[in-house]
Amino acid sequence: MSSIRITAPILDAEERFEGFENLMPFKVQNILLVSSLYDSFILREDGRLNELLIDESLELNLQQIPGITHVSSCAEALDLAKSNPQFNLIVTNLVVGDMTAAQLAHEVRGAGLDVPVVVLAYDYREIKNFIARNSVTDIERIFLWQGNARILIAIVKYVEDKRNVLHDTRAMGVPLLLVVEDNIRYYSSFLPVIYTELIKQSRRVIQEGINVAHKLVRMQARPKILLCSNFEEASQLVQQFRDYIFGVVSDVEFPWEGKLSPEAGFELARMVRSLTPDVPVVLQTSRTEFRPRAHAEGYSFLRKRSPTLLKDLRRIRRLRFPNARPERSGTREGSKRTRREAAERTG
């Protein structure tokens with residue numbers, strides 16, 4: 001499948017700063033939480049979901065805090081989504097009442113609603129059985145609840161980043177981190193870690209702002225995180241957004257041409273290096289026998305589920321979380337031109 005390559009706009013400094021105000025055109029404002037009364041009780045008791053959502057939203061996005069409306073059936077959720085356009089994210093369990101998440105997502109799409117449906121399930125075995133028995137093409141993504149309420153923050157930011165990345169890179173050159181992982185259990189725990197790091201770094205960026213308006217503008221330019229789970233999607237994103245990717249964190253083994261391949265991560269890393277030689281690639285897996293090969297080929301290596309994972313990630317000096325800044329585009333263009341020329345020489 002051919003992809004459209006996104007290149008940087010040419011703007012002067014004043015235009016760039018003003019353009020920051022128009023970043024993130026899609027924001028999750030109201031979440032429709034579809035779960036049984038028991039499941040809703042678990043969420044509230046385990047993580048004080050509403051309170052945490054408010055706290056984290058204040059730290060990461062000062063402009064608004066998503067609201068949560070709970071319903072106990074998919075049919076009720078569908079009726080609300082049809083009648084009330086304020087809901088722009090549906091989070092549901094695998095099965096609620098007499099309708100599955102797959103059926104709900106299909107009905108939402110069939111009704112012409114542009115509302116992503118995300119599954120937040122509680123049992124990994126049930127997820128595997130659900131995927132085996134249902135078509136999940138209409139579902140945005142499936143996540144696993146593991147007792148950390150920050151997963152909801154990660155879901156919100158994942159949806160926002162996916163919806164905004166094309167606009168924000170095209171308009172202002174916002175950088176992005178590509179994460180490649182097919183294991184639902186792992187990315188459900190890893191994404192909150194990455195977004196927590198972004199929250200902390202964004203807090204430091206806010207402190208550099210001249211005034212409140214300037215701080216809000218700078219928050220709009222935080223890096224995007226794109227999550228994908230197979231080689232075809234990852235390679236397409238690398239080619240499409242090659243000028244904006246500042247780092248790649250990839251599993252070693254993930255689907256390639258429909259089959260789990262131990263070569264997928266290394267092949268993707270080679271592609272990234274050929275197109276953007278200065279972009280750091282981090283390979284991660286629980287199989288430490290891949291460590292020598294990763295280091296021999298010049299890639300950083302992380303062990304999955306390491307208790308020091310975030311600390312290890314921070315030690316990779318070339319991997320930083322930059323923010324787009326209202327600088328003159330000539331500097332950025334020159335940097336990218338150098339990178340493209342290097343890629344052409346090595347390719």
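Bear in mind these aren't lab numbers, they're just calculated from the coordinates by the rules spelled out. All values derive from a computational prediction rather than experimental measurement. Neighbour counts run over all protein chains shown; Cβ positions are idealised from the backbone, glycine included.
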message: Quick check on my filter: what residues within the stretch 252-283 are surrounded by 17 or more Cβ atoms within 10 Å (Cβ to Cβ) and polar (S, T, N, Q)?
response: Ser261, Thr276
message: Go through (1) in a loop (DSSP other than H, G, I, E, B); (2) out of contact with any Pro (no Cβ under 9 Å at 6 or more places or on another chain) for Val179 and report which single condition fails.
response: (1)
- prompt: Taking Tyr158 and the conditions (1) surrounded by fewer than 21 Cβ atoms within 10 Å (Cβ to Cβ); (2) in contact (Cβ under 8 Å) with a residue 40 or more places away in the chain, which numbered condition does it fall short on, given that it satisfies the others?
  reply: (1)
query: Restricting attention to the stretch 125-161, which residues are charged (D, E, K, R) and either over 20 Å from Gly67 (Cα atoms) or not in a helix (DSSP H, G or I) (or both)?
result: Arg125, Glu126, Lys128, Arg133, Asp138, Glu140, Arg141
